[in-house]
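Notes follow once the structure below has been shown.
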Amino acid sequence: MALKTVLLREIAHSRSGEKGRDSNVSVIAYEMDDYPLLREQVTVDAVKSMFGAITKGSITRYEAPNVGALNFVLCDVLEGGRTRTLAFDESGKALSSLMLGLPVSVGDDFVGRGERISKAMGGAK
Amino acid sequence: MKRIRIAAGSAWSRDRFEPGADLIARGDIDYLCFDAMSEVTQSIAQVARLNDPRIPPYDPLLRKRIAPILKAAKERGVRIITNGGWMDPAAAAEEIIRIAEELGVTDLKVASVSGSDITDRVRDLGLNFVESDKPVADLRDKIISAEVYLGAEGIIQALAQGADIIVTSRVGDACPYMAAMAHEFGWSIDDHHNIAKGMIIGHLLECGAQVTGGCFADPGYKDVPDIANLSNPIVEVTEDRVVISKLPGTGGVVSEATCKEQLLYEVQDPARYYCPDVIADMTKVRFRQIAENEVEVLIDDAGLPKSPTYKALVGIMEGYMAEEMVLFAGPGAMNRAELTKRLLEERFARHSSQPTEVRMDFIGINSVHRESTPHVVDDPYEVVLRVAIKADTKEVVDTLGTEVDPLAVNGVAGIGKWGTFSPGARTRAIVGLNSVLVPREVVPFEVRYLECAGG
């Protein structure tokens, strides 16, 4: 099947939180059926391509198949942690939206989240 | 069959005040838990108290949270659990008794659970910091606070003794919720699976609206109805069923998606979520939407025995920081912002004492995702140059203002300034947080009771 590239946000949602100097960024499939695609494509290397420049420590991926999700822990990404960082986003709560810009490859007939919501709302945009 | 309903009154010290009263009035709840902290709350309070000893050693918003709901809570039999006791839960309990007396609330029993504060001991326990593996004792003179995340045992004891209100120092964020369940269902603290179940439910509720539509809305992808009127969550627990919901007629949404986001929030390894009383396996949890804004939480055996240590946060005085902003818009905005960055770098370099760290960002361009920002806009209509610096002394940090303020007359064209009201007003002390793992036996907890008999 022919493939096309979409942003991760068409397949998954995400929330990021702070753990001292580290952040966690979850990646959760909207549809459980898409979890294997996340496992295959949202790899540590893929995440490194997005977060590598600001992550001074390791990047670890954990799997939570029960909720169709991956959880990434980015070590030393907050420039010392919330109380001592000079970063403007001191708690890293905005990091989830960086994750959602990751390009992923899907089948040509894949209908993304945005289009599905738009259709459900009556198609007008 | 036994059925209890627990609600989240607040998720941290500066959360909204409105949901608490509404939950008591309409929520048919048995327990209302107020988280009144964040990681930095206590260390910042310690610094403030150094400068002004009249500041109370507990949450200064305690009265504002408790006074409006105390009477209704007592009348309806809603028990309140809060970690707003901060450094001195017993003093917070006295304040609650004062509030009760002023309101004419009688027959009230208030318990305080203390013991978390180990500031006096932490230097001499032979511990190393988790982050650096360096001895805590090396920073002896810089340590300003140290507090352990206590477990739920003190709260469970107080509930068994009939306390209406329990005020604690730092405890695991989910512990107040779990304690209510352990008390009601008679779970032993060593009953790993049930304690883990209670902590997972508590974890889902402890961030308040983050499971009812807060931190969730992304228009066109994840829409949240009436987001201005978010409700905080309610959990209904029976022996065989757990359901998260919210008050009818409020904004927000409770869905499998909101629950999944909150399940993994601030989690490292989902299979090993460390709590004071247990290790919980979040991969044993599933969600099922059973009605609009009602999600059933299905938890298989998810408990592992607790680790031999408590986690503690250590606050360390680490100098000062300050930030400034300079504003640009219209044609050539980016060029003028970049020129300003270069001229500031040149002027800073002339100072004899240099900051330990400098960060310059262009807001609107790369300030949020920093060096990981995927692409840079070439010619934005407006851009803000943000400059932040850090140094060991206040004098060096104040040089930021010394160089930024004069830009008003000797900077580039069309330069806007963020209002500065007084010199050095944006300089603040840094309290860095490190963590240590503390053997349980050096952290006893203490439960005390105060009663307001009245009548």
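One table, with the values for the structure above:
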read-out	value
The range B:376-395, residues that are in contact (Cβ under 8 Å) with a residue 40 or more places away in the chain and within 14 Å of chain A (Cβ to nearest Cβ)	B:V383, B:V384, B:L385, B:R386, B:V387, B:A388, B:I389, B:K390, B:A391, B:D392
Which listed residue is modelled with pLDDT under 95, more than 30 Å from B:A152 (Cβ to Cβ) and not in a loop (DSSP other than H, G, I, E, B), from B:T402, B:T420	B:T402
Yes/no for B:H183 being more than 20 Å from B:K109 (Cβ to Cβ) and either of a type outside the set (G, A, S) or assigned to a loop (DSSP other than H, G, I, E, B) (or both)	no
Helices (runs of 4 or more DSSP H) wholly inside the range B:1-79 that include at least 2 residues being closer than 16 Å to B:V110 by Cβ	B:62-76
Checking A:D45 against (1) under 21 Å from B:C215 (Cβ atoms); (2) more than 10 Å from chain B (Cβ to nearest Cβ), the condition it does not meet	(1)
Sole exception among (1) at pLDDT 95 or above; (2) over 27 Å from B:A158 (Cβ atoms) for B:S231, by number	(1)
Subset of the range B:386-398 that is surrounded by fewer than 20 Cβ atoms within 10 Å (Cβ to Cβ) and more than 29 Å from the chain's Cα centre (by Cα) - its residue that is modelled with the highest pLDDT	B:E395
Considering residues of the range B:273-294 that are surrounded by fewer than 19 Cβ atoms within 10 Å (Cβ to Cβ) and of a type in the set (A, V, I, L, M) only, the residue nearest to the other protein chains (Cβ to nearest Cβ)	B:I290
Hey, B:V285 over 25 Å from the mean Cα position of the chain (by Cα) and among the β-branched types (V, I, T) or not	no
Residues satisfying the stated conditions in the range B:249-270, i.e. among the small types (G, A, S) and either facing chain A (nearest Cβ under 7 Å) or crowded, with 20+ Cβ neighbours inside 10 Å (or both)	B:G252, B:S255, B:A257
Qualifying residue in the range B:296-305 (condition: hydrophobic (A, V, I, L, M, F, W, C) and outside any strand (DSSP E or B))	yes
Single unsatisfied condition, B:A196 versus (1) buried (at least 23 other Cβ atoms within 10 Å of the Cβ); (2) out of contact with any Cys (no Cβ under 9 Å at 6 or more places or on another chain)	(2)
Single match in B:G208, B:G202 (criterion: within 18 Å of A:S16 (Cα to Cα) and crowded, with 24+ Cβ neighbours inside 10 Å)	B:G208
Identity of the residue in the range A:66-82, facing chain B (nearest Cβ under 7 Å) and over 21 Å from B:L313 (Cβ atoms), that ends up surrounded by the fewest Cβ atoms within 10 Å (Cβ to Cβ)	A:N66
Residue within the range B:247-262 that is within 18 Å of B:D28 (Cβ to Cβ), within 24 Å of the chain's Cα centre (by Cα) and not β-branched (V, I, T) present	yes
Some residue of the range B:340-349 being more than 14 Å from every other protein chain (Cβ to nearest Cβ) and on the phi > 0 side of the Ramachandran plot	no
Failed condition for A:T85, given (1) assigned to a strand (DSSP E or B); (2) more than 7 Å from chain B (Cβ to nearest Cβ)	(1)
Residue match in the range A:109-119 (condition: facing chain B (nearest Cβ under 7 Å), touching an Asp or Glu at 6+ places or on another chain (Cβ under 7 Å) and under 14 Å from A:S23 (Cα atoms))	no
Criterion (closer than 26 Å to B:I363 by Cβ, in a helix (DSSP H, G or I) and touching a strand residue (DSSP E or B) at 6+ places or on another chain (Cβ under 7 Å)) met by exactly one of A:V77, A:V47	A:V47
Tally of residues being buried (at least 18 other Cβ atoms within 10 Å of the Cβ) and part of a loop (DSSP other than H, G, I, E, B) across the range A:93-111	2
Search result, residues across the range B:48-87 that are closer than 17 Å to B:A146 by Cα and surrounded by fewer than 18 Cβ atoms within 10 Å (Cβ to Cβ)	B:A48, B:R49, B:L50
Residue in the range B:187-204 that is within 14 Å of chain A (Cβ to nearest Cβ) and within 17 Å of the chain's Cα centre (by Cα) present	yes
In the range B:319-369, the residues that are closer than 19 Å to B:K390 by Cβ, in contact (Cβ under 8 Å) with a residue 40 or more places away in the chain, part of a helix (DSSP H, G or I) and more than 37 Å from the chain's Cα centre (by Cα)	B:R347
Residue match in the range B:358-375 (condition: basic (K, R), within 12 Å of another protein chain (Cβ to nearest Cβ) and out of contact with any Leu (no Cβ under 9 Å at 6 or more places or on another chain))	yes
Unmet criterion (only one of (1) surrounded by 19 or more Cβ atoms within 10 Å (Cβ to Cβ); (2) at pLDDT 95 or above; (3) in contact with a Lys or Arg (Cβ under 8 Å, 6 or more places away or on another chain)) for A:E63	(1)
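The values are calculated or read from the model by the stated rules, or taken from the named source; none is laboratory data. Every value quoted in this text rests on a predicted model; they were computed, and no experiment measured them. Ideal geometry is used to build each Cβ from the backbone, glycine not excepted, and the neighbour counts take in all protein chains shown.
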